[in-house]
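Input: a single structure, listed below in structure tokens.
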Amino acid sequence: MTSVFSGKKILITAGPTYEPIDPVRFIGNRSSGKMGYAIAEALASMGAEVILVSGPVHITPTQKNIQLIKVQTAQELCDACCTYFTEEIEIGIYAAAVADYTPKEVSESKIKKNDGELVLTLVKTKDVLKEMGARKHSNQILVGFALETDQEEVHAQQKLVKKNLDFIVLNSLRDTGAGFAVDTNKITILDKYNKITKFELKDKKEVALDIIDYLKNFIHA
Ligand code: CTP
């Protein structure tokens with residue numbers, strides 16, 4: 001059976017980024033990559049050609065039509081997206097939890113402890129999705145994620161506009177069973193037509209199917 005995603009070229013980002021402090025330490029986050037990988041697996045099983053740009057996670061893709069590009073840092077993720085988010089890509093799904101800040105200087109040798117405080121200066125990373133939104137063509141669909149703790153819909157709406165997205169998938173950390181280190185998720189989708197759709201708490205694999213179903217509304221005939 002052919003699906004609307006057969007042969008479609010799709011780029012997905014997933015997982016955290018690790019920002020090095022010295023050869024043994026980094027700043028990271030609790031993203032498991034499960035949401036992005038579940039979307040990648042499901043779309044690939046529907047016949048899509050998926051490029052999966054992934055930060056460090058403990059999952060391995062199973063579908064043969066997933067091309068895995070492994071990255072560590074926000075800068076590497078940014079470079080990979082610049083390389084692979086070409087005009088041929090029809091859909092970009094940005095599920096990675098990219099570090100917003102990175103250490104200004106990386107020590108070449110392991111930082112030894114001393115009696116005083118250790119002060120790290122952090123500089124902003126590039127907002128990859130915003131950059132991709134700025135270069136988006138009219139035939140490309142762009143999907144982002146937002147993880148919020150307060151004024152969730154207001155913040156998600158602002159990101160939708162700022163990053164030039166077709167729709168944004170919102171998770172609230174106030175919902176039990178939603179977020180990073182769990183197998184379930186509870187999402188709300190806000191789209192560029194000001195439509196807001198709320199979904200029940202589900203397994204991340206089922207959430208992936210809801211997101212993919214929503215994506216079908218934006219596929220050009
Ligand atoms: N994102 C990205 N590059 C970054 C930061 C975020 O591509 N440097 C993407 C994420 O993959 C996600 C979306 O942008 O799809 C929202 O990320 P988030 O960190 O919540 O948004 P920010 O705009 O960074 O806002 P804030 O951290 O202030 O909530």
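The values are calculated or read from the model by the stated rules, or taken from the named source; none is laboratory data. Small disclaimer: the values here were computed from a predicted structure and weren't measured. Positions of Cβ are backbone-derived with ideal geometry, glycine not excepted, and every protein chain shown enters the neighbour counts. Accessible surface areas use protein heavy atoms only, side chains included; no ligands, DNA or RNA. Shrake-Rupley method; radii C 1.70, N 1.55, O 1.52, S 1.80 Å.
Figures for the structure shown
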item: Out of THR125, THR149, THR188, THR197, sole residue that is of a type in the set (Ser, Thr, Tyr) and more than 15 Å from the ligand (Cβ to nearest atom); result: THR197
item: Residue pairs meeting the criteria (Cβ under 9 Å; at least 6 apart or on separate chains; first over 17 Å from GLN72 (Cα atoms), in the range 24-47; second of a type in the set (Asp, Glu)); result: ALA38/ASP203; ALA38/GLU206
item: Positions within the range 105-132 being in contact with a strand residue (DSSP E or B) (Cβ under 7 Å, 6 or more places away or on another chain) and open to solvent by 100 Å² or more (accessible area, probe 1.4 Å), in sequence order; result: LYS110, LYS124
item: Total residues in the range 27-50, condition assigned to a strand (DSSP E or B) and either polar (S, T, N, Q) or crowded, with 24+ Cβ neighbours inside 10 Å (or both); result: 1
item: Residue that is farthest from the chain's Cα centre (by Cα), among those in the range 79-94 that are open to solvent by 20 Å² or more (accessible area, probe 1.4 Å) and in contact (Cβ under 8 Å) with a residue 60 or more places away in the chain; result: GLU88
item: Qualifying residues in the range 138-153 (those that are at pLDDT below 95 and within 19 Å of LEU215 (Cα to Cα)) - the one surrounded by the fewest Cβ atoms within 10 Å (Cβ to Cβ); result: SER138
item: Number of the condition not met by ILE211 [criteria: (1) in contact (Cβ under 8 Å) with a residue 60 or more places away in the chain; (2) in a loop (DSSP other than H, G, I, E, B); (3) of a type in the set (A, V, I, L, M, F, W, C)]; result: (2)
item: Residue check, ALA156 within 20 Å of CYS78 (Cα to Cα), outside any loop (DSSP other than H, G, I, E, B) and within 9 Å of the ligand (Cβ to nearest atom); result: no
item: Flag for THR102 being surrounded by 20 or more Cβ atoms within 10 Å (Cβ to Cβ) and either touching a Ser or Thr at 6+ places or on another chain (Cβ under 6 Å) or in a helix (DSSP H, G or I) (or both); result: yes
item: Selected residue (only one of ARG135, ARG174 is within 16 Å of the ligand (Cβ to nearest atom), in contact with a helix residue (DSSP H, G or I) (Cβ under 8 Å, 6 or more places away or on another chain), of a type outside the set (Phe, Trp, Tyr) and open to solvent by 10 Å² or more (accessible area, probe 1.4 Å)); result: ARG174
item: Filter result (within 15 Å of the chain's Cα centre (by Cα) and outside any loop (DSSP other than H, G, I, E, B)) within the range 1-26; result: ILE10, LEU11, ILE12, THR13, ALA14, PRO16
item: Odd one out for ASP115, checked against (1) at pLDDT below 95; (2) under 13 Å from ALA14 (Cα atoms); result: (2)
